[in-house]
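One structure is given below, encoded as structure tokens.
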Amino acid sequence: MKVTFLGTGTSHGIPVIGSNHPVCLSKDERDKRLRVSILVEVNGYSYLIDCGPDFRQQMLRCKCEKIDAILYTHEHSDHVMGLDDIRPFYYRQGDIPIYAHKRVLKSLRKRFDYIFETGSKYPGAPTVTPHVIKNSPFQINDQEIIPIKVKHLDLQVFGYRFNDFAYITDMKTIKDKEIEKLKNLKVLVVNALRIEPHYSHLNLDEALEFIKRVNPEKAYLTHISYNLGFHADVEKTLPNNVFLAYDNLEITL
Ligand SMILES: [Zn+2]
Ligand SMILES: [Zn+2]
């Protein structure tokens, strides 16, 4: 299994438009972060988790030629606004399967009504095949995927487990019975927004606390704001098995 971090930034991305913050001006490539998304490649299939506003650029950058399914964590703009750009995949492959909580599908139908149109559809619009995810394991092709339910302030968000890899973003809280689903992980990815606390995201201390509870072999932090600091500085402060993710990072499990 290969996981590619397509984007590791919070909703603004880094640099933030118009910002003179030193992290936004950093020359270190690892301090340049597109909006969060990952590509999971396993057994010849490619699964995209979230399809945000930087999707086109991310697909060009990783030279992705095929997407077998898109899984959504939740409906915030930084996670969904790239859907129109699936057109090149749609033209080559046909309808693209998408998987999400029913509330998220409802939101996608509202924002991208022309994609879900069945009557008089504009010929250039892509078509998707929606699948509703409930909080129980499901299969795509032969791959079992386990949803992990977390809360983002009051909003339900799904993380996803593929074999011994799990990806959770935009989490603030999680119930004990969901943590049970995260046993024996080789790699856990979780959001860590910044040093200061935040109402709907884990900050660095909370993310490290969560990682300690889950106890994976390795953990990577994502959904990062410029307020977290320079990549090089923050990474030095982390425990031995915890790393900051960065754009284009690939991990093989
Ligand atoms: Zn987000
Ligand atoms: Zn969000």
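The values are calculated or read from the model by the stated rules, or taken from the named source; none is laboratory data. As the structure is a computational prediction, the values presented were derived from the model and not from experiment. As a convention, Cβ positions derive from the backbone with ideal geometry for all residues, glycine included, and neighbour counts pool all protein chains shown.
A few points about this structure:
- Count of segment 177-230 residues which are β-branched (Val, Ile, Thr), within 16 Å of ligand 2 (Cβ to nearest atom) and over 27 Å from Asn248 (Cβ atoms): 0
Residue by residue, here is whether (1) closer than 23 Å to Arg111 by Cβ; (2) without any contact (Cβ under 8 Å) to a residue 40 or more places away in the chain holds:
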{"position": "Pro15", "(1), (2)": "no, no"}
{"position": "Lys27", "(1), (2)": "no, yes"}
{"position": "Arg30", "(1), (2)": "no, no"}
{"position": "Leu39", "(1), (2)": "yes, yes"}
{"position": "Asp85", "(1), (2)": "yes, yes"}
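- Only one entry in Ser19, Ser77 is at pLDDT 95 or above, more than 16 Å from ligand 1 (Cβ to nearest atom) and of a type in the set (Gly, Ala, Ser), namely Ser19.
- Within segment 149-168, none of the residues are among the β-branched types (Val, Ile, Thr) and either in contact with a Lys or Arg (Cβ under 6 Å, 6 or more places away or on another chain) or over 15 Å from His74 (Cα atoms) (or both).
Conditions (1) more than 19 Å from Ser37 (Cβ to Cβ); (2) in contact (Cβ under 8 Å) with a residue 40 or more places away in the chain; (3) surrounded by 15 or more Cβ atoms within 10 Å (Cβ to Cβ), marked per residue:
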position	(1), (2), (3)
His76	no, yes, yes
Phe89	no, no, yes
Arg92	yes, no, no
Phe112	no, no, yes
Phe116	yes, no, yes
Ser120	yes, no, no
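- Verdict on Gly159 being touching a residue at least 24 places away in the same chain (Cβ under 8 Å), in contact with a strand residue (DSSP E or B) (Cβ under 6 Å, 6 or more places away or on another chain) and of a type in the set (Gly, Ala, Ser): yes
- Residues being crowded, with 22+ Cβ neighbours inside 10 Å and within 17 Å of Arg87 (Cα to Cα) - total across segment 37-48: 2
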